[in-house]
Amino acid sequence: MRGSMSSVSYSFGPGPLTPAIRAIVIANVAAYVVSWLIPALSLYLGLMPAAVVQRLWLWQPVTYMFLHGGMFHLLFNMLALWMFGVELERLWGSRFFSRFYFVCGVGAAATTIAVSFLPYEFAQNMRVIPTVGASGAIYGLLLAYALYYPNRPIYLYMLFPIPARVFVIIIGA
């Protein structure tokens with residue numbers, strides 16, 4: 001009878017955490033806990049463009065990616081990292097994936113720094129208020145995912161299947 005039974009399996013998400021994603025998640029959770037215990041760390045580790053340019057706090061374009069503004073900010077960034085990053089890490093390997101993730105995060109920091117020095121009022125506030133979160137790196141992963149898997153269905157609000165390329169445009173906007 002075993003031969004006549006069909007073998008159907010169901011899964012949720014892309015599967016278990018891959019090595020680089022596991023390390024990034026652990027680092028983000030640890031940084032969140034430490035910054036919750038010592039809130040002043042956000043001033044030194046969050047991205048403040050004025051501090052990077054004027055005081056040469058050159059660590060901030062990297063460290064800001066590990067801090068988050070709250071539990072849900074951390075949760076949603078790590079969920080997106082898992083959902084879209086696992087397949088990319090399997091495709092590229094841990095080393096290239098890690099490099100890509102950090103290049104995207106540092107690139108987002110460089111963009112934030114450049115925009116903060118535009119001659120507009122909103123930009124002046126950006127110079128001195130810490131920016132935190134992995135969102136810049138996550139958006140880089142989303143873009144890569146959409147380029148590799150443009151027609152893969154993503155369920156928006158867990159209800160509406162839309163192609164990955166459209167999902168990324170919506171989320172990016």
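The values are calculated or read from the model by the stated rules, or taken from the named source; none is laboratory data. The model shown is predicted, which means the values in this text are computed figures rather than measured ones. Here the Cβ is made from the backbone with ideal geometry for all residues, glycine too, and neighbour counts use every protein chain on show. Side chains are part of the model used for accessible areas, which takes the heavy atoms of the whole protein and leaves out ligands, DNA and RNA. Shrake-Rupley method; radii C 1.70, N 1.55, O 1.52, S 1.80 Å.
Can you work out which of the residues in the stretch 30-41 that are out of contact with any helix residue (DSSP H, G or I) (no Cβ under 6 Å at 6 or more places or on another chain) and of a type outside the set (Phe, Trp, Tyr) is most open to solvent (accessible area, probe 1.4 Å)? Per the stated criteria, the residue is Leu37. Scanning the stretch 149-164 for residues being under 24 Å from Gly93 (Cβ atoms), open to solvent by 40 Å² or more (accessible area, probe 1.4 Å) and not in a loop (DSSP other than H, G, I, E, B) gives a total of 0.
Pairs linking a residue in the stretch 20-38 that is touching a residue at least 60 places away in the same chain (Cβ under 8 Å) to a residue that is open to solvent by less than 30 Å² (accessible area, probe 1.4 Å) and of a type in the set (D, E, K, R), with Cβ atoms under 9 Å and 6 or more positions apart or on different chains, are Ala20/Glu89; Ile21/Glu89. Once the stretch 72-93 is narrowed to residues that are under 17 Å from Ala27 (Cα atoms) and free of Cβ contacts under 8 Å to residues at least 24 places away in the same chain, the residue that is least open to solvent (accessible area, probe 1.4 Å) is Leu79. Do the conditions hold for Arg99, that is, is it closer than 30 Å to Gly13 by Cα, basic (Lys, Arg) and open to solvent by 40 Å² or more (accessible area, probe 1.4 Å)? Against the criterion (closer than 30 Å to Gly13 by Cα, basic (Lys, Arg) and open to solvent by 40 Å² or more (accessible area, probe 1.4 Å)), Arg99 qualifies. Whenever a residue of the stretch 100-128 is closer than 30 Å to Val86 by Cβ, its partners that are of a type in the set (S, T, N, Q), lying with C-beta atoms within less than 6 angstrom and at least six residues away or across chains, give the pairs Thr112/Thr131.
Tell me yes or no: at least one residue of the stretch 44-63 is buried (at least 17 other Cβ atoms within 10 Å of the Cβ), within 19 Å of Gly13 (Cα to Cα) and modelled with pLDDT of 95 or more. No; the residues of the stretch 44-63 include none that is buried (at least 17 other Cβ atoms within 10 Å of the Cβ), within 19 Å of Gly13 (Cα to Cα) and modelled with pLDDT of 95 or more. Being more than 13 Å from the chain's Cα centre (by Cα), assigned to a helix (DSSP H, G or I) and at pLDDT 95 or above is a property that Ala146 has. In this structure, Val86 qualifies as more than 22 Å from Thr63 (Cβ to Cβ), in contact with a helix residue (DSSP H, G or I) (Cβ under 9 Å, 6 or more places away or on another chain), among the β-branched types (Val, Ile, Thr) and modelled with pLDDT of 95 or more.
The lone criterion from (1) closer than 25 Å to Tyr157 by Cβ; (2) part of a helix (DSSP H, G or I) left unmet by Gly13 is number (2).
Pick out the one residue from Ala134, Ala173, Ala146 that is free of Cβ contacts under 8 Å to residues at least 60 places away in the same chain and open to solvent by less than 60 Å² (accessible area, probe 1.4 Å). On inspection, the qualifying residue turns out to be Ala146. Tallying residues that are touching a helix residue (DSSP H, G or I) at 6+ places or on another chain (Cβ under 8 Å) and outside any helix (DSSP H, G or I) within the stretch 102-133 yields 5.
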